[in-house]
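What follows is a single structure, written as structure tokens, with notes after it.
Since every read-out is calculated from the coordinates, none of them should be taken as a lab result. These figures come from a predicted structure and were not determined experimentally. Neighbour counts are summed over all protein chains in view; Cβ atoms, including those assigned to glycine, are modelled from backbone coordinates with ideal geometry.
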Amino acid sequence: MTRPNPRGLAPFPPPGYPRRVDDLIEVVPYEASWPAAYEAERAAINARLGELGASFEHIGSTAVPGIAAKPTIDLMAGVDELRVDESVVEPLADLGYRYLGEYGIAGRHFFRKGSPPTHHLHWVRRGGDFWWKQLVFRDFLRTSPTDARAYEALKRDLASRFHNDRSRYTASKTSFVTGTLERAWRWSKAPLVVFDLEATCWEKGTVVERQELIEIGAVRLEADFAVRGEFQRFVRPTGEPALSDFCRRLTGIRQEDLDAAESFLPVLASFVDWAGPGPLRFASWSTYDLRQLRSDCRRHLAALPPPLECHLDLRQRFSEQRGLEPQTMKRALELAGLAQEGHHHRGLDDARNIARLATLILKS
């Protein structure tokens with residue numbers, strides 16, 4: 001990413017930035033003018049940046065009719081190619097926006113206008129994790145007055161307790177937001193795609209940067225946790241195409257399976273097409289599988305498809321629910337009283353077992 005600085009712009013906090021004023025927390029009654037304020041600001045930004053093809057959405061509490069909120073309009077701009085350089089920062093600076101970098105959220109570029117702030121602009125990948133979480137959460141609150149009022153009450157309480165501490169205010173909302181977002185995903189009938197990857201490996205020297213994908217296995221669960229489809233494809237590695245004896249013994253995958261397979265990018269495209277359009281989530285046991293996908297994308301000079309950013313670490317969720325250290329999938333099955341099925345270290349069989357765990361974890 002190019003870090004623009006023609007006007008002395010820099011990531012947060014720039015010299016002299018009035019953090020104390022901007023970080024004050026004030027929750028005020030809902031104002032009917034907020035939607036119009038969003039539309040006016042969206043039009044102003046689009047007039048300057050329309051050639052970049054951004055899609056705009058009104059997000060945050062001011063986008064939920066009837067509930068109290070901080071009087072700051074949050075705009076989300078989704079683009080296919082996430083870049084922030086002079087072509088973005090300069091026009092926004094003319095409109096009064098300060099560029100503050102990612103501001104604590106990877107993959108989200110944050111702009112703030114006014115002091116105290118009147119507008120926030122979140123520049124993100126269209127169809128990625130931030131994009132769908134914001135829309136699903138907002139739309140759920142719009143249709144669930146009970147949850148919206150509970151959120152309002154929580155914010156009022158936290159604002160009174162942490163009036164001068166934005167970080168504690170935000171952190172104290174996490175538990176409520178996480179639980180509400182889980183219900184929102186099911187309310188939106190978003191599928192959960194549970195996937196497991198197998199990659200090249202060796203008895204010594206196995207690291208993600210060296211490994212290449214050799215199999216994708218996945219199970220698609222609908223909002224009611226019913227299985228609606230399965231995916232399994234081998235992937236032909238290109239860097240070190242010959243499987244090690246260790247890898248063949250561990251996975252049961254044969255060299256001829258890979259020699260007849262397509263390479264990474266066509267298989268990845270087939271996987272994303274099979275999963276379907278958003279909103280949907282991808283889930284795996286730990287973050288290893290997502291890291292491996294990112295590594296293979298870099299190897300093939302490709303960007304990670306935006307839907308795959310919507311990732312849920314089921315191992316972390318399992319550990320949090322049970323107050324345990326992170327567990328292997330095999331041990332988690334034992335703790336849950338479930339028998340392991342199929343061949344361990346095969347993509348589809350492991351995905352099936354993880355999907356059974358996902359049903360227990362997310363239904364509770």
Tell me whether the chain comes out rounded, prolate or oblate; compute the Cα gyration tensor, take square roots of the eigenvalues as a ≥ b ≥ c, and use a/c under 1.5 as the rounded threshold. prolate
Does a label point 7 Å from the Cα of residue 246, set along Cα-to-beta-carbon, have any residues of the range 190-212 with amide nitrogen under 20 Å, and which are they? 197-212
Residues 338, 92, sorted so that the one with the fewest Cβ neighbours within 10 Å comes first: 338, 92
For the chain, what does the relative contact order come out to in percent, with C-alpha contacts under 8 Å and a separation of six or more? 14 percent
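Expressed in nm², what is the orientationally averaged projection area of the convex hull enclosing the Cα positions of the range 175-306?
9.0 nm²
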Among the lysines, which fall within straight-line cross-link reach of residue 189, defined as a Cα-Cα distance under 16 Å, with same-chain neighbours fewer than 8 residues apart omitted? 133, 363
When the chain is treated as a GNM, springs tying every alpha-carbon pair under 10 Å, which of 264, 162, 56 comes out with the largest mean-square fluctuation? 162
Which aspartates and glutamates, on any chain, are close to residue 204 with Cα under 13 Å apart, when same-chain ones fewer than 8 places away are left out? 245
Simple spin-label estimate for residue 336/residue 302, 7 Å along Cα→Cβ, in nm, reads 3.0 nm
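Under the rule a/c < 1.5 gives rounded, and otherwise a/b versus b/c splits prolate from oblate, where does the range 75-231 land using the Cα gyration tensor?
oblate
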Rank these for me by crowding, 185, 131, going from fewest to most other beta carbons within 10 Å. 185, 131
Amide H neighbours of residue 101 under 5 Å, at least 5 residues apart or on other chains, H built in the peptide plane: list them. 12, 110
Let's test this: bin the Cα-Cα distances of the range 238-281 at 5 Å from zero up to the farthest pair and state each bin's percent. 5, 17, 21, 18, 15, 12, 10, 3, 0
Options 324, 122, 283, ranked by Cα towards positive dipole end of the chain, top entry (Cβ charges): 324
